[in-house]
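Quick notes on the structure that follows.
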Amino acid sequence: MEVPVSTRHPDALRLLSVHAHPDDESSKGAATLARYAAEGVDVLVATCTGGERGSVLNPAMDRPEVRADIARVRREEMAAAREILGVRQRFLGFVDSGMPGPGEPLPEGCFAARPVELAAAPLAALIREFRPQVVVTYDETGGYPHPDHVMTHQVTVAAVEAAADPQRHPGQGEPWQGSKLYYHLALSRAWFQALHTAMTERGVPSGMGELLAGWPDTPPALATTTRIACAEQFAVRDAAMLAHATQVQPGVAFMAHPRDIEREVWPTEDYHLARSLVPEAGAAAAAGGIETDLFAGLRAEVEGEVGAG
Ligand SMILES: [Zn+2]
């Protein structure tokens, strides 16, 4: 039985991270989740789909019995990963859309084929139950050209709005207005370039050169507003990723670098503050200041301090 998400202390800081598939929470922003969970923030991951159409990327796991029972295997992997990260997690119950080839239609009934408003309803209900001050998801490109990632962005934005609107979903929980919405800037070109350069300078073979060669060096569409120091949690992040054993491709470029170099050259996970009802946070972002806390501007309010500033 799942414990209701609303059982924790009502005044706690609460962080909701919305992802498309099991394993996305471990490859994008995982060290941030682990850091906040370790600090006592109530962290909840919402996973839109079961990852049923994901390929088995790890040859060691690519066995007929695994492929035949992939939905169960991925639920078990997710259960292990959330334990490692120290967070709670809910599936929203949608079916993975898979990665259609060019011109191929989406499978019938899959997550990305649903109308956004309808698909946002379970997440809106979860937001009203969990009452997160901070919500994190992908930007409008999905950060990765998978239809479920783009849909996750659309559904999250719609759910944040619907959860706050008393006219929407009446009778399904008290309206809840989150204070901040962030987008991941994980696995950026700049991140790959910094690691590749550092490895090359140190004479460490880098598998990132090929990837970078095919990646136009255009300025990022979204500004970095927020950097979360989480190098101490990289080992937890890695363990959580490895728990998704079917999804760990040996030697994949984003995992094949020395962690001491990563801690030295890129010890943060980075975000774009997309929406904020916290005036100071918006001002800091507009002025080019970089936040170092997803709850910047919210701690005084939530923790009941007076006159903080
Ligand atoms: Zn995914």
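Bear in mind these aren't lab numbers, they're just calculated from the coordinates by the rules spelled out. Keep in mind the model is a prediction, meaning the values are calculated, not measured. Cβ: placed from backbone, ideal geometry, glycine included. Neighbour counts: every protein chain shown.
Here are a few things to note about the model shown:
- Rounded to the nearest 500, the helix-only mean residue ellipticity at 222 nm of the chain stands at -10500 deg cm²/dmol, with each DSSP H run of n ≥ 4 adding -39,500 (n - 2.57).
- Computed extension length for MET255-ALA80: 61.1 nm, one decimal, from 0.36 nm per residue of separation with the Cα-Cα distance subtracted.
- Annotation: amide H of GLY54 has no partner in the under-5 Å range at sequence separation 5 or more or interchain, hydrogens built in the peptide plane.
- Using the Cβ-Cβ distance between ALA223 and MET99 with R0 = 25 Å, the FRET efficiency computed as 1/(1 + (r/R0)^6) comes to roughly 0.30.
- Once backbone amide H atoms are built at 1.01 Å from N, GLU291 has THR226, ARG227 as its partners under 5 Å, excluding neighbours fewer than 5 places away on the same chain.
- Modelled spin-label separation between ARG63 and TRP215, with each label point placed 7 Å from Cα along the Cα-to-Cβ direction: 3.4 nm.
- Ordering of 199-205, 103-109, 267-273 by packing [mean C-beta count within 10 Å, highest first]: 267-273, 199-205, 103-109
- For the chain, the Cβ-based charge dipole about the Cα centre amounts to some 220 debye (Lys, Arg positive; Asp, Glu negative; other atoms uncharged).
- Centroid-to-centroid separation of the range 240-256 and the range 260-282 [C-alpha atoms, Å]: 24
- Per-residue ³J(HN,Hα) for the range 253-265, Karplus 6.51 cos²θ - 1.76 cosθ + 1.60, θ = phi - 60°, Hz, x for Gly and Pro: 4, 7, 10, 9, 9, x, 5, 5, 5, 4, 4, 6, 9
- Estimated from the Cβ-Cβ distance and a Förster radius of 25 angstrom, the FRET efficiency linking ALA235 and GLU201 is about 0.55.
- For the range 25-129: span of alpha carbons on each principal axis (Å, largest first): 45, 39, 22
- Residues with amide H under 5 Å from that of ARG275, placed H, sequence gap 5 or more: LEU181
- Whole-Hz Karplus values for the range 223-235 come out as 6, 6, 9, 8, 10, 9, 6, 8, 4, 5, 9, 4, 5 Hz, taken residue by residue from phi with 6.51 cos²θ - 1.76 cosθ + 1.60 and θ = phi - 60°; glycine and proline positions read x.
- Remark: spin-label model distance GLU117-GLN177 equals 2.3 nm, labels positioned 7 Å along the Cα→Cβ axis.
- Expressed as a fraction of 2.2 N^0.38 Å, the C-alpha radius of gyration for the range 84-181 is 1.14.
- Kirkwood-Stokes translational diffusion coefficient of the chain, alpha-carbon pairs, 20 °C, 1.002 mPa s, µm²/s: 106
- In Hz, Karplus ³J(HN,Hα) per residue of the range 22-35 (6.51, -1.76, 1.60; θ = phi - 60°; x = Gly, Pro): x, 4, 5, 5, 8, 9, 9, x, 5, 5, 4, 4, 5, 5
- GLU280-ALA38 pseudo-label distance in nm [points 7 Å out on the Cα-to-Cβ vector]: 2.5
- Relative contact order of the range 81-185: 27 percent, from C-alpha pairs under 8 Å at least 6 residues apart in sequence.
- Ranked by the mean number of other Cβ atoms within 10 Å of their residues, highest first, the peptides 72-79, 42-49, 240-247 come out as 42-49, 240-247, 72-79.
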